[in-house]
Structure formats: structure tokens, C-alpha cells
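Engineer: So that we are looking at the same thing, I have put the structure below in C-alpha cells.
The values are calculated or read from the model by the stated rules, or taken from the named source; none is laboratory data. Here the structure is a predicted model, which means the values were calculated and not measured. Virtual Cβ from ideal backbone geometry, glycine too; neighbours counted across all protein chains shown. Calculation scope for accessible area: heavy atoms of the full protein, side chains included, ligands and nucleic acids excluded. Shrake-Rupley method; radii C 1.70, N 1.55, O 1.52, S 1.80 Å.
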Amino acid sequence: MSATTMTMGGESGALLAALRDCERGAWVHSPIYCWMVDNYVAMARAVTGKKVRWEKLSAAAACDGLTTRDGRTPRGETLRKTWYRVRKAMAALHEKQADNSAREEAERAAARERKRQETENAAVLRERVEQVDRAAAWARERDADARSQSQTPTNQQTSESSLSSTQTPKIGEVKRATKMLEAAPLYGSDALEPPPPPYIGPRPAGMPENVPLEALTSLDASGVKPDGTYDLHNLPGMPRRKFFRKEYEWAQACLPMIRAIPPDKRPLSLNVLFALLRSMPGMK
């Protein structure tokens, strides 16, 4: 069969017209019923809440050639009953459409929720993987530092400028020498920033012996970021994060200083920092 034969009739062919009539129910309902369905909005606006002269509408239907299923001119009572059936059918149709719309919207909402859950779960999994990677890297750095320190000769000479102690030696007791930490080098934009204000005050309780006072944040610092959250890396009187090469070194300097303060006298910022540091691998 050629393509020309298959397309005969086009969109205005008799078969397509018959199919449209089937879709409208023209083979099941009367012409007057189909007319009411096609003109439902206008019909409802004209007759709802008003006294309807069905006999006059019957005469108008006859002039338009609208009949019952058996080809008769509809009487007024027939029109009234037909309109009742049309309204009932249209109400059922609208209810079905509303149910379909609600079901489709519920399915779309469920799909959005599944997508959100998948995205959230993926983010949580990614964060956990990153935490494990950071913990492993941290542990490797700590172990490497421990091996390096264990290989350093115990009789290594140190300069007087790098020796300090917080203990007052007794007569005849040799003062224990402590190698002070040195500030970590700064790179990039950090190197261009002006040096922070110095810490001026006594040596805080619990501060490790090998941490110099220059590692502490000035007591005049706000300890707050521009967005209003705690700047845990720069709390007043606490070690500055940028002074230390590694995060666990900074944590080891902070924890004993926080523990030296009774829990009931710690400010909220220190409690937050304490909880953060305790959550780090190897920190108790």
C-alpha cells in the first residue's frame, strides 16, 4: 500500500470524524445531549439559579435540528432531564480529572522527595568518605612526626632562645629544657595579611610548655566571624590555628587549656571548640 493511499482523507476524513463522535459519545447519547456537553459552560451560566423555560428551549432546539436518540424533537421535560444527566456526568468527569491531577501531583512530589533523599544521602556518604580520608591523613602525619621525634638524638643541643620552662627549678635540680614550637610558614594571601595583634597577659593555665605566647590570639580579638558565628580558630586567649603546621598540633595545644577551666565556668564558645576537638580522630 502506497503512502498516498494511507494518507487519503487527511484530518477531515469521514473515519476521523466518526472517531471524534465516538470519543464524544455521539453514538451513545442523543444530539441534544452532545450539544449540552459541548456547550456546558454557556448552558450552566444561562440556567443555573434561574427559572428555566424548558418548552421555549425545546422550540429553539428544534430550530437547530437537535433531536433525541430516536430522532424526535425533545420536549421541555426531556431537555430538563437531559440537562440533569449532563450535569451529573460533567461533575463526575471533573472529579475524576481532579483526582488524576492530585495523583499526578502526589507522584511528582514523591519523585522530588526521592531525589532530595538521594542527593542528601550522597552528600552524607561523601562527607563520611572525606572524614575518613582526613583522619587517615592526619594519623599518617602524626605517626610520621612521632617516628621523626623518636629518631632525634636525645643529646641534641638547642639554642637558649628556643628553650623555656614554666616550672621553677629547685636548688640543685637541673631545669628541664623544652623546645618551643615555631610558627608555621604562611603562603598565598595568608602571607600578605598583617601580623595579628600580640597576646598580652599571663601564661594561661594548662598551656603546653612547648607552645610560646606568640601562638595565642590577642585578648582583644572578637572571636566572631562576619556572619556572626564563632571564629573557633581565633578565640581570645586561645592558640591560633594558623600558628600550627598541622591541625592535630593545634588541637593538642587547645585541649589542655580548655580542660584547665572548670566546665561550669567555660564560655559557650569554648564548649563548642571542646566538642569539635574531641570529635577529631585520636583526640580524647
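Engineer: If the limit is 26 Å between Cα atoms, which of 179/265; 51/88; 56/96; 225/246; 115/225 go over it?
Structural biologist: On the way: 179/265 32 Å; 51/88 19 Å; 56/96 34 Å; 225/246 22 Å; 115/225 34 Å.
Cα-Cα > 26 Å for 179/265; 56/96; 115/225; rest within.
Engineer: How large is the translational diffusion coefficient of the range 73-134 in µm² per second when you combine the Kirkwood radius over alpha carbon pairs with Stokes-Einstein at 25 °C and 0.890 mPa s? Mind dumping the intermediate values first?
Structural biologist: Numbers: Rh = 16.2 Å.
The estimated diffusion coefficient comes to 151 µm²/s.
Engineer: What ranking, highest mean first, results for peptides 179-190, 54-65 when packing means the other Cβ atoms within 10 Å averaged over each residue? Kindly include the intermediate steps, with their values, before the conclusion.
Structural biologist: Values: 179-190: 12.2, 54-65: 13.8.
Ranked by mean Cβ neighbours within 10 Å, highest first: 54-65, 179-190.
Engineer: Largest first, what is the accessible-area ranking of 264, 70 with a 1.4 Å probe?
Structural biologist: Numbers: 264 130, 70 100 Å².
Largest to smallest exposure gives the sequence 264, 70.
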